[in-house]
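One structure is given below, encoded as structure tokens.
The values are calculated or read from the model by the stated rules, or taken from the named source; none is laboratory data. What you see is a predicted model; the values in this text were computed from it and never measured. Reconstructed Cβ throughout: ideal geometry from the backbone, glycine too, with neighbour counts over all protein chains shown. For the accessible areas, the whole protein counts, side chains as well, though only heavy atoms, and no ligand, DNA or RNA atoms are used. Shrake-Rupley method; radii C 1.70, N 1.55, O 1.52, S 1.80 Å.
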Amino acid sequence: MTYEELKHSGFIISMHYSNRELAILGQTRDGLGGDEPIVLVSKVNPYDYHPVDFRDTTIELEDWQEAVKLAHELAMTPLDQRGEKMEPDWIKHAKWWFHSVLGRA
């Protein structure tokens, strides 16, 4: 599975949940409209994913199980085959700025 396929899965995906993880999110029950992670997947370690307790979210058990299956499939995909390179926006901006100033990448 690629990151692009995961984004189109119908779940809320936070590709930049942290520097090392992405998250599949579920809407919280508190009524404030926030999102909580239901599964975390490592962007740097292959085969590394962590299901999280989903009971504080509006996600049903079957949907949570589907999210865990997707996370498992992504985690089993080698890092170099997952698709786009995971760079934070500030790195992209710095590269653009250096390219503009120096005239090369």
How about region 14-73: which chymotrypsin sites (Phe, Trp or Tyr not before Pro) there are in a DSSP loop, with at most 13 other Cβ atoms within 10 Å of their Cβ? Tyr47
Find which of Ser14, Pro37, Ile91 sits farthest along the positive direction of the dipole of the chain, computed with +1 on the beta-carbon of Lys and Arg, -1 on that of Asp and Glu, about the Cα centre. Ile91
So the carbon and sulfur contribution to the accessible area of the chain, 1.4 Å probe, in percent, is 53 percent
Grab the chain and count how many Lys pairs have their alpha-carbon atoms under 20 Å apart, sequence gap of 8 or more, or different chains. 7
So, in nm, how far is label Arg55 from label His72 when the simple model puts each one 7 Å beyond its Cα toward the Cβ? 2.2 nm
Go through Lys43, Lys95, Lys7 and list them by solvent-accessible area, largest first, probe radius 1.4 Å. Lys95, Lys7, Lys43
Which option, (1) 16.1, 53; (2) 14.9, 50; (3) 13.5, 40, is the value of Rg and Dmax of the Cα atoms in Å that was calculated from these coordinates? (1)
Longest principal axis of the chain (C-alpha) makes with the long axis of helix 89-102 (C-alpha) an angle, in degrees to the nearest 10, of 10 degrees
Can you give the accessible area per residue of the chain, in Å², using a 1.4 Å probe? 67 Å²
Angle in degrees between helix 61-76 and the longest Cα principal axis of the chain, rounded to the nearest 10: 40 degrees
Based on DSSP H runs of at least 4 residues, each adding -39500 (n - 2.57), what is the mean residue ellipticity at 222 nm of the chain after dividing by all its residues, to the nearest 500 deg cm²/dmol? -10500 deg cm²/dmol
Please identify the longest segment of the chain free of exposed GluC sites (Glu not before Pro), where exposed means a DSSP state other than H, G, I, E or B and no more than 13 other Cβ atoms within 10 Å. 1-59
To the nearest 10 square angstrom, what accessible area does Ser100 show with a 1.4 Å probe? 70 Å²
Show the residues, 5+ positions off or on another chain, whose built amide H is closer than 5 Å to the amide H of Val52. Val39, Leu40
If the chain between Asp35 and Asp80 were fully stretched, how many nm would it gain, using 0.36 nm times the residue separation less the Cα-Cα distance? 13.3 nm
